[in-house]
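In what follows, a single structure is set out as structure tokens and then discussed.
No lab work stands behind these numbers, since they all come straight from the coordinates. Quick caveat: nothing in here was measured; it's all calculated off a predicted structure. In this analysis, Cβ positions are derived from the backbone assuming ideal geometry, glycine residues included, and neighbour counts consider all displayed protein chains.
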């Protein structure tokens with residue numbers, strides 16, 4: 001047993017010793033390998049360090065060269081700046097010297113001017129003493145002599161130019177206006193707004209009046225219209241400055257007579273319905289007019305005011321119908337002369353818009369038209385053309401001239417405006433009286449329904465040049481003192497007759 005244990009111990013000791021020797025050999029080999037790796041790493045590190053030093057030396061050298069180059073450039077720039085500064089100083093010195101010379105020259109010129117003025121004044125005084133005439137008298141005599149010498153030539157030239165202008169203008173205008181009027185088809189007699197309502201019988205008149213006049217008073221309060229039942233037999237007359245309110249009263253009265261129930265409560269209800277109905281008719285009339293003439297994009301507020309013109313008349317002519325008729329003619333003329341058709345039609349349709357507001361706003365109706373068009377966003381060209389359709393404003397565009405021409409054409413159409421015989425005769429007499437108020441007038445006649453006034457002058461008192469001035473003066477006085485539709489032609493006639501008898 002013991003020998004076996006000893007043998008095992010010896011075997012273990014031998015094995016441990018062998019393992020130790022083996023481990024020592026391995027450790028030595030690892031140490032050698034590590035030393036080799038360290039030596040290798042040191043060599044590579046040395047190489048990298050040498051390369052980094054070389055790169056650093058190269059970068060430093062490049063930077064030094066770059067710095068030297070920039071210093072040279074800066075030095076050159078400084079030299080150029082110094083040269084320019086020296087050049088500018090020289091130029092400034094030259095300019096100062098020239099300015100000094102100019103100032104000296106100006107003083108010399110001013111001295112010479114004063115001397116020349118003195119010489120001229122002395123010469124003028126000597127001439128006035130010699131001629132025994134002042135400068136003003138001499139100028140006046142010279143003007144008189146010149147006027148006398150060139151008077152006949154001027155008269156001939158003026159007459160020739162007027163004749164040529166009339167021939168050309170009248171021919172072209174006649175072609176355009178005739179073409180436009182031929183293509184327009186409208187009624188000759190103008191519509192008139194109704195201001196009376198026919199009664200079915202006398203019993204209906206009593207029902208409208210009501211007990212102690214309660215019904216008619218209620219109707220007047222609700223509509224704001226004066227109602228007269230006894231002035232015209234068989235009719236009720238409505239009187240109000242506002243045509244829309246008058247139309248509301250007419251519609252309400254017809255609805256009440258048709259329904260038969262007439263009392264204050266029913267009257268208020270019917271008037272409210274009539275107002276809504278007339279409001280719809282106003283909007284529809286404006287839309288129909290715009291659609292008829294082919295103008296789109298009109299704001300609703302302007303269409304509403306345009307529709308109100310359906311119930312307005314001017315000299316008996318329905319204003320809305322007058323505007324639509326004008327718009328058609330204006331579109332034709334604008335197409336012929338090359339103007340803007342859309343602007344022309346738009347402005348012509350809206351030119352009398354202010355007549356729907358003249359009882360609500362201060363000012364002339366065409367100024368109100370321009371103001372309303374601008375207020376609701378219409379183009380400025382449209383507002384100007386509509387505003388300038390009367391002679392108190394100068395036209396600034398072809399479209400404005402067309403609107404003015406079409407207004408005169410529509411107003412001057414036979415039967416377009418209803419003028420009583422009394423008013424017509426008064427206007428004719430007033431025209432003749434205006435012409436007769438000037439000196440040198442022998443006779444004057446208003447003809448062509450007041451569209452022309454012919455003035456015969458005394459040839460001994462009025463020469464040809466004065467006749468031209470007289471025609472202009474008469475036209476200006478007619479414009480300033482009279483109200484009339486369209487235009488009036490002033491024709492001054494001077495005739496000299498030489499009569500002799502052969503015996």
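If we count other beta carbons within 10 Å of each Cβ, what is the order of 239, 323, fewest first?
Ordered by Cβ neighbours within 10 Å, fewest first: 239, 323.
Could you order the peptides 457-465, 43-51 from most to least packed, using the average number of other C-beta atoms within 10 Å per residue?
So the peptides 457-465, 43-51, ranked by packing, come out 457-465, 43-51.
Just need log10 I(q)/I(0) for the range 196-412 at q = 0.08, 0.16, 0.17 Å⁻¹, Debye formula, equal scatterers on the alpha-carbon atoms, no solvent, rounded to two decimals.
Each listed q corresponds, in turn, to -0.35, -0.96, -1.03.
Counting other C-beta atoms within 10 Å, which of 396, 111 has the fewest, and how do the rest follow?
Listed from fewest to most nearby Cβ atoms, that is 111, 396.
If you wrap the range 421-493's Cα atoms in a convex hull and average its projection over all directions, what's the area in nm²?
Averaged projected area of the range 421-493's Cα convex hull equals 4.4 nm².
Using alpha-carbon positions, what is the distance between the centroids of the range 436-503 and the range 275-322, in Å?
43
Hey, can you rank 281-291, 94-104 by average C-beta count inside 10 Å, highest first?
Packing order, densest peptide first, comes out as 281-291, 94-104.
Neighbouring Cβ atoms within 10 Å as the yardstick, rank 346, 311 fewest first.
311, 346
Which three semi-axes in whole Å describe the equivalent ellipsoid of the range 50-127, each the square root of 5 times a Cα gyration tensor eigenvalue, listed largest first?
Ellipsoid semi-axes (Å, largest first): 74, 8, 4.
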